Amino acid sequence: MARRKIYPAIYNLFLSGELPEHFAVLAVGRRNKIDEVFRSEAADAIRKFSRVNPGDNRALETLVSRFYYYRADFTQYQGYEKIAALMESLNEKYGTEGNHIYYLAVAPEHFGSIVQNLARSGLADQTNGYKRVVIEKPFGKDLKSAVELNNIITQVFHEDQIFRIDHFLGKEMLQNITVIRFANAFFEPVWNNKFIDHVQITSSEVIGVENRGEYYEKSGAMRDMMQNHMLQLLMLTAMEPPVSLNTNDIRDEKVKVLRSINQIEPKNVNKNVVRGQYTEGYISGKWVPGYRAEDRVSPYSLTETYMAMKVGIENFRWAGVPFYLRTGKRLPVKTTKILVQFRPLPGVIYYKEFSNLESNRIIIEVQPREGVIIRFNGKKPGTRNEIIPVELDFCQNCAVGEVSPDAYERLLLDVMKGNSTLFTRWDEVEHAWRLMDNISKGWQMQPPVIPSYPAGTWGPAESDELLKMDNRKWINP
Ligand code: BG6
């Protein structure tokens, strides 16, 4: 995490001049190493993973000269007093005035004890400088554990000091969803159940679980993607316009979406939710192993690597419009998109004469392509009266050399500025778990089998059935 995302993000912020002048990094880890070794490892990681290629070694060296390392077992209190002393000396040296950001890039089971130890050692005290804590997902593994964790953290930090990361919120196009919806005249008037038939939200990945088998076995697609990233996409697509762009006004509207979702009763889970696990298969002509054969995965695992669900939002805008969400690993392509399918027009004139006319569609492409496609009907040029679907296609990152900043750059900068709009508020987490807990309960009531899908396909057959029941089908990229 730190190597792939955090150090490269710090470097890119440094290059673009957005990092404050008074700045230093103290990494705490269990391995024994001196500062110089840590600096050279961090520099290597930046060279490997940075968005902007560090051609200029001088900038990289200047940055990592501010990186320090301290060896400690962060589960034990002993090291924290020394960390406090080190932070104090860095404050003096770099003029950081006691402003600290604690980034917990550790396994989730350690979040609570680290926060308690920070408090005990005085590191959470805001008398001199702000103290903020960044917490990676997953925030708990169900509602109960999330509540417990939140209780521990809020005994030490106020909500405005807590930054629960959902890195999807740092993606350019997620921030663009509300701009598209609320800064234009022609989307919002049709963005409701009078015009929209249904919405499909897809986040597919080609990669498997890589070297994260141990973590993934406990999390599965539900806790890894659905509870957080997918629901964020849903909230931004479905929310009402906020009163203002203030953090809490936006979050208030987002959370209302979750509160309006029809709870899926455990006994009805199969009517609304599908899970699956990949078996061996071919992706781009290359053979890949099945999930159960991955490193640190049980050969009898029932963990889902694919999940699809249908949710209904019971409010004035959306009643009757199903939202279909799906995410999975080892699918044919890496893509995240929101597809808004409009209702057909009444069966008169063209819709009467041309029986196979498609209804309109808007696709918000989140990644890797970032843009919006509007699909509508037009006359095919020629003497024959033919109507065909045509597309208005806006792509914001297609020009050569256009690379949007990584989500972590934006998010880290926001933590420094104290802006938590793009982070998850506690009640979002709470409502998201409530929804997921019902699904897990439903799954626990079922026989211990899980539908499978060969790697390189679009998930188990059950997933197609989910839409077929409603006379619809997934529209694959
Ligand atoms: C992470 C998940 O939060 O998001 C990973 O833990 C997943 O399993 C990743 O691969 C996807 O993020 P992105 O930015 O690559 O789409």
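The values are calculated or read from the model by the stated rules, or taken from the named source; none is laboratory data. Predicted, not measured: the structure shown is a model, and the values here were computed from it. When we count neighbours, we look across all protein chains shown, and the Cβ atoms used for this are built from the backbone with ideal geometry, even at glycine. Heads up: the accessible areas ignore ligands, DNA and RNA and are worked out on the full protein's heavy atoms, side chains in. Shrake-Rupley method; radii C 1.70, N 1.55, O 1.52, S 1.80 Å.
Where nothing but the Cβ of Lys and Arg (+1) and of Asp and Glu (-1) is charged, how large is the charge dipole of the chain around its Cα centre, in debye to the nearest 20?
I would put it at about 1000 debye.
Going from the alpha-carbon gyration tensor of region 369-477, what semi-axes, largest first and in whole Å, does one get by taking the root of 5 times each eigenvalue?
So the three semi-axes of region 369-477 are 36, 31, 15 Å.
Using 20 Å as the Cα-Cα cut-off, could you pick out the over-long pairs in K379/K473; K5/K48; K171/K334; K337/K441; K352/K473?
Numbers: K379/K473 26 Å; K5/K48 11 Å; K171/K334 15 Å; K337/K441 29 Å; K352/K473 23 Å.
In this structure, K379/K473; K337/K441; K352/K473 exceed 20 Å between Cα atoms.
Once you keep just the Cα pairs under 8 angstrom separated by 6 or more residues, what percentage relative contact order results for the chain?
18 percent
Could you give me the ³J(HN,Hα) list for region 204-221, computed from phi with Karplus coefficients 6.51, -1.76, 1.60 and θ = phi - 60°, whole Hz, x at Gly and Pro?
10, 10, 8, 5, x, 8, 6, 9, 9, x, 4, 5, 5, 4, 7, 9, x, 4
Roughly how many Å² is the accessible area per residue of region 112-163, as a whole number, for a 1.4 Å probe?
Here the per-residue accessible area is 44 Å².
Which chymotrypsin sites (Phe, Trp or Tyr not before Pro) in region 314-389 sit in a loop by DSSP (not H, G, I, E or B) and have at most 10 other Cβ atoms within 10 Å of their own Cβ?
Answer in residue order: F316.
Rounded to a whole number, what % of the accessible area of the chain do carbon and sulfur atoms account for, probe 1.4 Å?
Using a 1.4 Å probe with all protein chains present, the chain comes out at 52 percent carbon and sulfur.
Please list 249-260, 389-400, 218-229 highest first by mean number of surrounding beta-carbon atoms within 10 Å per residue.
218-229, 249-260, 389-400
In debye, nearest 20, what is the charge dipole magnitude of region 362-402 about its Cα centre with +1 on Lys and Arg Cβ and -1 on Asp and Glu Cβ, if you could check?
340 debye
Report the convex hull volume per residue for the chain, counting only C-alpha atoms, in Å³.
Considering the Cα atoms of the chain, their hull volume per residue is 173 Å³.
Given R₀ = 41 Å, what would the calculated FRET efficiency be for T383 paired with V179, taking r from the Cβ atoms and rounding to 0.05?
Working from the Cβ atoms, E equals 0.45.
In degrees from 0 to 90, rounded to the nearest 10, what is the angle of the helix 172-182 Cα long axis to the longest principal axis of the chain?
The answer is roughly 50 degrees.
Taking the Cα atoms of region 218-288 alone, what are Rg (to one decimal) and Dmax (as a whole number) in Å?
According to the Cα coordinates of region 218-288, Rg and Dmax are 17.2, 52 Å.
Can you work out the accessible area per residue across region 262-319, with the rest of the protein chains kept in place, probe 1.4 Å, in square angstrom?
With all protein chains present, region 262-319 gives 52 Å² per residue.
About its Cα centre, what dipole magnitude does region 163-207 give when the only charges are +1 on Lys and Arg Cβ and -1 on Asp and Glu Cβ, stated in debye to the nearest 20? Walk me through the intermediate numbers first.
On the way: 4 positive and 5 negative charges, 26 e Å.
Taking the Cα centre of region 163-207 as origin, the dipole is about 120 debye.
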